[in-house]
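The values are calculated or read from the model by the stated rules, or taken from the named source; none is laboratory data. Please read all numbers here as calculations on a predicted model, not as lab measurements. Neighbour counts are summed over all protein chains in view; Cβ atoms, including those assigned to glycine, are modelled from backbone coordinates with ideal geometry.
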Amino acid sequence: MTQDRNRGVDDPARLRGIVRDIPQATVARLPVYLRALHELAERRVGTVASQVLARAAGVSPAKLRKDLSCLGSYGTRGVGYDVATLAEQIARQLGLTQDWPVVIVGVGKLGQALANYAGFADRGFRVVGLLDADPARVGQIVAGSVVRPATELERVVAEHGVCIGVLATPAGSAQRMCDRLVAAGVSSILNFAPVVLSVPDGVDVRKVDLSLELQILAFHEQRKDAVRRAAGVLGAMRA
């Protein structure tokens, strides 16, 4: 892992892996496979059959095999996949064998929770700056870092070569801070603000809307409740 992080982006083998054409749906499932592989590795499992890995990831074995074939990984018939090798292959494809400096804008309760999340460091994401526009928060120590004023955003991005920004601001200031991140050279943004951001071509935005996810769960709960009620009515009618 360390050796890969020291390899430059001009390495031919690395470039071939990066430019491999992989469907976005497959890319979205790769982190799930990687998490399942890490859990297997923690249990000291050396090899895993496609059926077992697929079940752990919540997909069909056929879909798993098709996804992994996009990486050039086909496993060994009758044996399966080597857990460590496949995890390294997926991590490399996702760019997790590099060190990614990240800046978090907005250090309210959500921003603080994100700053304290150990999973960032475990996956190669290094939080290099915490920024907030509220003078009351500036100077506070969060997760071992000093919260800096939002006016220093461009300086922090330049100092650390940041290309990934996390927005945890209120909706009213999200677009403004997004524009500043983009202008400073940040080309990937993880947005927790409850607003749709407008960005130029070449900038990737991933939106995390917790209230939306809860509403979707409420929809499914309502449907399950309706099915239970209907079953109860039918049962009463048959009695």
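I need the full set of residues from region 182-224 which are under 20 Å from residue 102 (Cβ atoms) and among the β-branched types (Val, Ile, Thr), in order please. Of everything in region 182-224, those that are under 20 Å from residue 102 (Cβ atoms) and among the β-branched types (Val, Ile, Thr) turn out to be 182, 186, 189, 199, 203, 205, 208. Please verify whether residue 193 is buried (at least 18 other Cβ atoms within 10 Å of the Cβ) and either part of a loop (DSSP other than H, G, I, E, B) or touching a strand residue (DSSP E or B) at 6+ places or on another chain (Cβ under 6 Å) (or both), treating the condition exactly as stated. Spelling it out, residue 193 is indeed buried (at least 18 other Cβ atoms within 10 Å of the Cβ) and either part of a loop (DSSP other than H, G, I, E, B) or touching a strand residue (DSSP E or B) at 6+ places or on another chain (Cβ under 6 Å) (or both). Of the listed requirements (1) free of Cβ contacts under 8 Å to residues at least 12 places away in the same chain; (2) part of a helix (DSSP H, G or I), residue 201 misses just one: (2). The number of residues in region 76-91 that are buried (at least 17 other Cβ atoms within 10 Å of the Cβ) and on the phi > 0 side of the Ramachandran plot comes to 1. Exactly one residue among 128, 107, 102 is part of a loop (DSSP other than H, G, I, E, B), more than 30 Å from residue 69 (Cα to Cα) and either in contact (Cβ under 8 Å) with a residue 24 or more places away in the chain or not assigned by TED's automatic domain parsing to the domain that holds residue 180 (or both), and that residue is 107.
Candidates in region 160-186 are the residues that are of a type in the set (Val, Ile, Thr) and within 18 Å of the chain's Cα centre (by Cα); of these, the one that is surrounded by the fewest Cβ atoms within 10 Å (Cβ to Cβ) is 164.
Looking across region 120-147, the residues that are under 15 Å from residue 181 (Cα atoms) and not aliphatic (A, V, I, L, M) come down to 129, 132. For region 142-156, the set of residues classified as touching a strand residue (DSSP E or B) at 6+ places or on another chain (Cβ under 8 Å) and loosely packed, with under 13 Cβ neighbours inside 10 Å consists of 146 only.
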